[in-house]
Amino acid sequence: MAFQVSPGVNTSEIDLTNVVVAAGTSVGGFAGRFNWGPIEQISLVTDQDNLVDVFQKPDDNNFEAFYTAANFLAYTSALNVVRAANTTSSNAAAPKNAAANTATYVNVQTTTVESYYNTFDPEQSGAIGGGVSGFAALGPFMAKWAGDLGNSLKMSICPADRPSVTGTSTVTWTASTGVLEGTASSLFLDELRVGDAIKITDEVGYHIVAGITDLNTASVFATSSSDTADATAKAFTIQKRSAFSTTSTFIKGTAVTTADSKVVTGTGTMFDKQFVVGDTIVIGGESHRVNSITSNTVIGTSTKFNAANATAAIAREWEYKGAFSTGAPTTSTFADDKDMAQDEIHVAIIDENGDWSGTKGEVLEAHANLSVASASRDGQGEDIFYKNFINKYSKYVWWLDHPTMGGHGTTDTAVAGNDTAGNGTLVTDGTATFRAWGATADASGTQTSDTFENASFPLSLSFNGGTDGTGPSDADIIRAYDLMASAEDVDLSLVLCGNHSSTVIRHVIDNIADARKDCVAFFSPEKADVVGVTDSSTATDNVIDFRDTVNKNSSYAVMDSGYKYQFDKHADKFRYVPLNGDTAGTCAQTDQVRDPFFSPAGFTRGQIKGVVKLPYNPKKAERDKLYQAQINPVVSFPGEGTILFGDKTQLTKPSAFDRINVRRLFILLEKAISNAAKFQMFEFNDEFTRSQFVAMVEPFLRDIQGRGGIQDFRVVC
């Protein structure tokens with residue numbers, strides 16, 4: 001404590017109540033092949049549902065890895081999992097437009113969250129395109145992780161409603177030709193879009209825009225048969241336009257359907273101007289997805305109509321309207337406060353092929369009322385800029401670039417993709433400049449319009465180009481395990497080796513278990529050693545031969561006798577799975593019901609879960625032979641279950657450490673005492689410090705002694 005120059009009272013508090021806290025000994029670690037998830041990044045998984053959520057369901061290529069992890073989690077609730085993959089895996093990516101569907105996709109692999117931001121996010125250290133050759137073929141979004149599963153994804157974006165506005169000039173309409181002519185001050189290119197409904201003064205019905213030639217020339221067609229006379233120098237109003245839903249009032253013509261048919265035949269319709277494939281057409285109270293648009297009078301639907309309809313009114317909806325209870329996107333409060341408009345979008349992420357949910361077309365995520373304005377916030381201060389929101393909350397996709405939405409083009413078909421509204425730049429149509437996606441909502445700059453560039457129709461993007469690639473090599477798997485090599489970085493007690501080769505097993509024992517000295521590696525023989533081997537004696541020799549191939553003399557490794565036959569609920573079939581996930585699991589379960597220094601074997605604590613049968617069930621003489629080779633038999637006893645019937649480590653030297661519980665006892669002691677001892681570092685090496693250390697350790701050891709872990713002890717310091 002500091003000296004004082006003049007008299008005074010100085011109060012200091014020194015904490016001398018150091019204690020040894022028990023260390024965790026149940027956390028597992030595993031690296032293997034999975035169909036989804038980050039690559040070479042440790043993910044803590046708590047149960048099988050969580051495993052599926054992060055790494056997805058198993059298939060015929062990776063079920064052994066999946067169920068090694070899942071079986072361990074049947075006994076406990078903490079497993080560090082690393083996905084191993086080779087460089088042939090690539091992220092599925094959304095095409096920018098229809099032409100990109102046939103493009104050659106570049107091989108992009110996003111391994112971790114950090115790698116995405118460093119490569120592709122311009123707000124971090126990345127850049128649009130990420131420096132990837134052929135980036136344009138990827139599209140504006142890509143699947144979150146590498147794998148075939150990404151190809152089942154689809155995104156659909158619904159732009160904001162446009163409110164009704166009065167046209168800038170007067171117009172003259174010629175009924176016979178449909179030509180709409182404005183004056184010199186007309187701004188058709190800025191104000192009109194293909195498919196818009198306009199109301200011309202003194203006309204009975206609405207007129208639908210079929211094409212836009214230039215600033216003051218367009219082609220429009222009447223929805224009412226009463227509007228047969230020309231209109232001269234009339235004011236006009238552009239009606240509200242909604243990509244979310246369009247009432248029959250603004251859809252031209254009527255429709256005829258036949259029961260049990262997928263064909264809609266229109267009269268006086270403009271299907272090719274007012275619908276896009278994927279829209280929902282509503283006729284006679286029935287809603288059906290538009291599967292094809294053959295002409296302006298013929299639509300094909302994905303499902304059959306139940307009833308016939310004659311001269312029926314027609315309405316349209318966004319295909320995923322039902323997933324958004326908030327209604328159509330409009331203008332966010334954030335943009336409105338800055339005198340900007342039409343920045344909101346709805347984003348749906350869909351399981352197009354059914355590979356995720358089992359149902360084609362299932363909506364996986366629905367993100368409502370996002371904003372295309374950068375730095376936009378909701379009322380609670382949450383970032384709702386669609387790029388950041390999707391990157392943060394979506395489990396399925398990353399943002400790559402602002403999409404091409406279009407909307408002010410002069411084409412005469414209803415397509416969403418005429419103009420580029422991306423990269424935060426301003427988009428010019430006609431004479432007005434509209435705020436682009438990713439631009440600020442601040443009402444500054446050169447735009448003459450106070451709205452964001454938006455489309456007249458939803459934009460849908462199907463993902464392509466993803467691949468699982470070939471299986472990871474031993475080097476790939478070793479690289480994944482090496483992420484768990486540091487005891488300072490990763491808490492680990494039980495390492496599972498799954499169905500990996502002897503090369504990987506040796507590496508795990510040497511470079512993780514033996515090197516860290518605070519965990520134990522568990523491994524099984526190869527599948528061919530026991531599955532399909534009809535002679536039990538041959539299987540015994542095969543198992544021992546594999547142990548000799550691994551050839552490790554270590555108390556930090558444990559081997560069991562084989563595989564188990566279990567049910568795979570995800571594939572609805574039975575599979576052979578290595579037992580090391582279960583043998584490690586019995587150790588974790590022993591920690592919960594007793595202590596690490598109790599044996600995990602036997603009828604009390606060694607029950608193996610989920611066993612239909614064992615392909616190799618060693619008898620007494622074979623168990624003796626296995627035990628002499630440091631292999632722990634797993635045995636099925638009639639009426640008593642399947643039991644881990646041995647607790648030996650791979651240590652060949654006669655020693656107390658050739659038992660699992662002894663090795664785990666000392667891991668517990670060393671880990672707990674060393675964790676506490678670090679707080680004595682850099683103190684004076686005097687009698688007081690040494691006495692304090694002894695006083696800290698002795699109560700802990702007495703507790704272990706009282707629970708049966710040790711018979712006696714002495715602390716020497």
>> Step by step: first the residues of region 378-418, then only those that are aliphatic (A, V, I, L, M) and at pLDDT below 95, then the one that is surrounded by the fewest Cβ atoms within 10 Å (Cβ to Cβ). Which residue is that?
In response: V415
> Applying the selection to region 630-648, what residues are part of a loop (DSSP other than H, G, I, E, B) and closer than 12 Å to D560 by Cβ?
Replying inline: Q630, P633, F645, G646, D647
> What residue, of A70, A99, is of a type in the set (A, V, I, L, M), at pLDDT below 95 and in a helix (DSSP H, G or I)?
Replying inline: A99
>> Report every pair of residues separated by at least 6 positions or lying on different chains whose Cβ atoms are under 8 Å apart, first residue within region 81-97 and under 19 Å from D53 (Cβ atoms), second modelled with pLDDT under 70 and not aliphatic (A, V, I, L, M).
In response: none
>> under 14 Å from the mean Cα position of the chain (by Cα) and closer than 23 Å to W318 by Cβ: is that true of V372 in this structure?
In response: no
>> A259 - would you say it is farther than 30 Å from E453 by Cβ, at pLDDT 90 or above, among the aliphatic types (A, V, I, L, M) and not assigned by TED's automatic domain parsing to the domain that holds T311?
In response: no
> Do we have D703 as surrounded by 12 or more Cβ atoms within 10 Å (Cβ to Cβ), of a type outside the set (F, W, Y) and assigned by TED's automatic domain parsing to the domain that holds P525 here?
Replying inline: no
>> Going through G327, G358 one at a time, which residue ends up being part of a loop (DSSP other than H, G, I, E, B) and either farther than 19 Å from A243 by Cβ or among the acidic types (D, E) (or both)?
In response: G358
>> Scan region 46-56 and tell me whether some residue there is modelled with pLDDT under 95 and surrounded by fewer than 22 Cβ atoms within 10 Å (Cβ to Cβ).
In response: no
> If you go through region 170-179, how many residues are closer than 12 Å to F236 by Cβ and either among the acidic types (D, E) or in contact with a Leu (Cβ under 9 Å, 6 or more places away or on another chain) (or both)?
Replying inline: 3
> Is at least one residue of region 599-615 aromatic (F, W, Y), within 25 Å of A528 (Cβ to Cβ) and either assigned to a helix (DSSP H, G or I) or more than 39 Å from the chain's Cα centre (by Cα) (or both)?
Replying inline: no
>> For the condition touching a strand residue (DSSP E or B) at 6+ places or on another chain (Cβ under 8 Å), touching a residue at least 12 places away in the same chain (Cβ under 8 Å) and farther than 20 Å from T87 by Cα, what is the one hit in G29, G24?
In response: G29
>> I'd like to check something: does region 32-41 contain any residue that is small (G, A, S), more than 30 Å from V694 (Cβ to Cβ), part of a loop (DSSP other than H, G, I, E, B) and in contact with a helix residue (DSSP H, G or I) (Cβ under 9 Å, 6 or more places away or on another chain)?
In response: yes
> Is it true that F574 is without any contact (Cβ under 8 Å) to a residue 40 or more places away in the chain, part of a strand (DSSP E or B), closer than 30 Å to S357 by Cα and aromatic (F, W, Y)?
Replying inline: yes
> Is it the case that some residue within region 589-608 is under 19 Å from A70 (Cα atoms), out of contact with any Asp or Glu (no Cβ under 8 Å at 6 or more places or on another chain) and either of a type in the set (S, T, Y) or not assigned by TED's automatic domain parsing to the domain that holds A70 (or both)?
Replying inline: yes
> Out of (1) within 26 Å of S26 (Cβ to Cβ); (2) crowded, with 19+ Cβ neighbours inside 10 Å, the odd one out for V530 is which?
Replying inline: (1)
>> Could you go through region 218-225 and let me know if any residue there is in the same structural domain as T172 (by TED's automatic domain parsing), over 49 Å from the mean Cα position of the chain (by Cα) and either small (G, A, S) or in a strand (DSSP E or B) (or both).
In response: yes
> Looking at region 325-342, is at least one residue in contact (Cβ under 8 Å) with a residue 60 or more places away in the chain, surrounded by fewer than 24 Cβ atoms within 10 Å (Cβ to Cβ) and more than 28 Å from E123 (Cβ to Cβ)?
Replying inline: yes
> From the set of residues in region 1-45 that are surrounded by fewer than 20 Cβ atoms within 10 Å (Cβ to Cβ), over 14 Å from the mean Cα position of the chain (by Cα) and among the hydroxyl-bearing types (S, T, Y), which is nearest to A672 (Cα to Cα)?
Replying inline: T17
> In region 661-704, what residues are at pLDDT 95 or above, basic (K, R) and within 46 Å of the chain's Cα centre (by Cα)?
Replying inline: R663, R664, K671
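The values are calculated or read from the model by the stated rules, or taken from the named source; none is laboratory data. Predicted, not measured: the structure shown is a model, and the values here were computed from it. All Cβ positions, glycine included, derive from the backbone under ideal geometry; neighbour counts span all protein chains shown.
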